[in-house]
Structure formats: C-alpha cells, structure tokens
1. Hey, among the residues in the stretch 13-65 that are crowded, with 16+ Cβ neighbours inside 10 Å and among the aromatic types (Phe, Trp, Tyr), which one's nearest to residue 228 (Cα to Cα)?
2. Among 71, 87, 56, 110, which is in contact with a Phe, Trp or Tyr (Cβ under 8 Å, 6 or more places away or on another chain), among the hydrophobic types (A, V, I, L, M, F, W, C) and within 28 Å of residue 36 (Cα to Cα)?
3. Looking at the stretch 9-25 only, could you name the residues that are assigned to a loop (DSSP other than H, G, I, E, B) and either without any contact (Cβ under 8 Å) to a residue 24 or more places away in the chain or within 11 Å of the ligand (Cβ to nearest atom) (or both)?
4. Looking only at the stretch 14-34, how many residues end up being at pLDDT below 95 and within 15 Å of the chain's Cα centre (by Cα)?
5. If you take the residues in the stretch 189-238 that are more than 28 Å from residue 13 (Cβ to Cβ) and polar (S, T, N, Q), which one is farthest from the ligand (Cβ to nearest atom)?
6. In the stretch 154-188, how many are of a type in the set (Gly, Ala, Ser), within 13 Å of the ligand (Cβ to nearest atom) and within 16 Å of residue 219 (Cβ to Cβ)?
7. Could you count how many residues in the stretch 26-54 are assigned to a helix (DSSP H, G or I), β-branched (Val, Ile, Thr) and closer than 12 Å to residue 81 by Cα?
8. Would it be correct to say that residue 88 is more than 14 Å from the ligand (Cβ to nearest atom), touching a strand residue (DSSP E or B) at 6+ places or on another chain (Cβ under 7 Å) and not charged (D, E, K, R)?
Amino acid sequence: MIDTHSHILPELDDGCETIEQSMNFIAQAINQGVRVMFATPHCCDGVYDCTKKEILAAWRFLCETVERQGLDIQILPGAEIRVNHDLVARYDAGDLLTLGDTSRFLLLELPPMFIMNAFLRMVRQLTERGIIPIIAHAERNPMIIARPELAAELISTGAEIQITAGSLKGDFGRAPRKTAKILVQNNQVFCLGSDIHPGRKYRMKAAEKFLNKAGSIVQTEKIVQKNPEKILKECVDQFIYDTLIVE
Ligand SMILES: [Fe+2]
C-alpha cells in the first residue's frame with residue numbers, strides 16, 4: 001500500500017514531535033502493509049508554513065534514520081498546501097512542493113468554506129501548468145459534506161480526490177464517514193492517506209479491509225496502490241535525489 005498523506009516529519013508542524021514518534025508510526029505503517037509513505041507537513045495554512053528547504057532537510061534526516069534501521073519502506077517528501085488566494089502565484093514562484101518534489105501531483109487542503117468557481121479557476125490554472133491537484137480529505141470538508149456532487153465537478157476540471165483512512169472507520173464522525181462512502185461508491189477516490197498525527201490511529205489496513213468489503217478488490221487496489229503508483233513513477237529515488245537538488 002501507498003500512504004499519500006502523513007505528518008511524520010518531526011518538529012515541523014502539528015505532526016510528530018520527535019523522531020521516536022516518527023519511527024513508531026513508520027513501524028505501524030510497515031506492519032499494516034505500507035511500503036511507501038509521503039510525508040506531507042502543513043504549508044500556507046496560517047499557522048504552519050513549512051518551506052521546501054525545511055521539509056527536504058527533515059525528510060533527509062528521517063530517510064537516514066529509516067535507512068540506518070534497515071526498514072523496508074520508502075519515505076518521500078511532500079506538503080499539504082492550504083488553498084489561499086495566492087496559491088497559483090506561490091506555485092509560480094517555486095515555493096510549493098509537489099508530492100515527491102518531482103511529480104506533477106500537488107496535495108491541496110481546501111479551507112472549510114470556499115468559493116467553488118474561484119477554486120475551479122485555480123484548478124484550471126494549475127492544470128494548464130501541468131499540475132494535477134489532489135484534494136486532501138475531501139470527505140471532511142463541510143462544503144463537500146453538504147454537497148458531495150461537488151466532487152464530480154472538481155474531478156472533471158482536472159483535480160483528484162484523496163480521502164483519509166480513518167474517515168472510513170468513523171474517526172472523524174458520521175458525516176465524513178458517510179461522505180467518504182459516497183465518494184467510494186461513486187468511484188471518485190483517487191488515493192488514500194493516513195493523515196497520521198499524534199493522537200490519531202494509523203488506519204491504512206482497516207481502511208483497506210473496509211474498501212474490500214464495501215466495493216471491489218479491483219477498486220481497492222486502484223485506491224491503495226495503482227493510482228498512487230502513478231505519483232511514485234514521477235518521483236526520483238531518494239539515493240539519487242541528493243545529486244539533483246539545487247539549494
Ligand atoms: Fe494532513
């Protein structure tokens with residue numbers, strides 16, 4: 001499985017506070033069958049604004065620890081980018097980290113309330129630049145909960161939908177659970193993320209089981225593996241990555 005959303009980089013946002021906490025979540029991920037994890041700290045959200053440089057430095061430190069312990073998992077860098085009016089300008093300025101840094105996939109977090117037409121315009125502007133926006137935990141957004149049909153519009157404009165593993169188990173309440181199920185039933189979910197933070201349960205295995213029961217094994221495979229592999233294919237291996245970084 002591929003976990004496309006996590007807060008495992010230590011000391012950057014409201015995610016892991018220590019490397020021990022990071023390693024604990026990584027051990028849980030491995031036990032649950034996860035072999036690739038994207039580390040996606042908060043960016044541009046008004047509280048946390050991790051820079052590319054900070055994220056890549058924390059990511060390298062974590063990768064070194066994982067490598068030293070000989071763990072069978074690949075960690076890739078990324079960011080969960082809050083959508084603001086200056087999203088496209090910040091992308092153009094080179095401030096925003098795509099998943100893996102080299103892929104076209106940009107993980108976006110919508111604010112609780114947003115103007116759909118203005119956001120669709122941003123999606124179009126990003127797709128014109130070759131970017132594929134992924135909407136993080138769409139099932140937890142109040143506007144998408146109220147109108148799940150917005151998902152179809154987002155997808156037809158060029159965005160993809162990500163849901164949080166724990167939402168399928170009711171960790172975020174009934175409404176996100178219901179919305180997540182609707183998105184799965186409508187075959188609108190591109191990928192799954194743990195969105196793991198301290199205090200939350202790591203739910204990738206439980207979510208996989210839920211998906212297998214609720215839908216088809218083929219659809220589950222797409223959500224947990226095949227679609228995220230499309231992101232992975234555009235990511236450079238961590239060992240050759242260092243030679244490509246221009247500080
Ligand atoms: Fe997150």
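The values are calculated or read from the model by the stated rules, or taken from the named source; none is laboratory data. Because the structure is predicted, anything quoted here is derived from the model rather than measured. No Cβ is skipped: glycine too gets one built from the backbone with ideal geometry, and neighbour counts run over all protein chains shown.
1. 38
2. Answer to the selection: 110.
3. Result: 13, 14, 15, 18.
4. So the count comes out to 1.
5. Filtering first and then ranking leaves 216.
6. The total comes to 1.
7. The number of residues fulfilling the criteria is 0.
8. Against the criterion (more than 14 Å from the ligand (Cβ to nearest atom), touching a strand residue (DSSP E or B) at 6+ places or on another chain (Cβ under 7 Å) and not charged (D, E, K, R)), residue 88 does not qualify.
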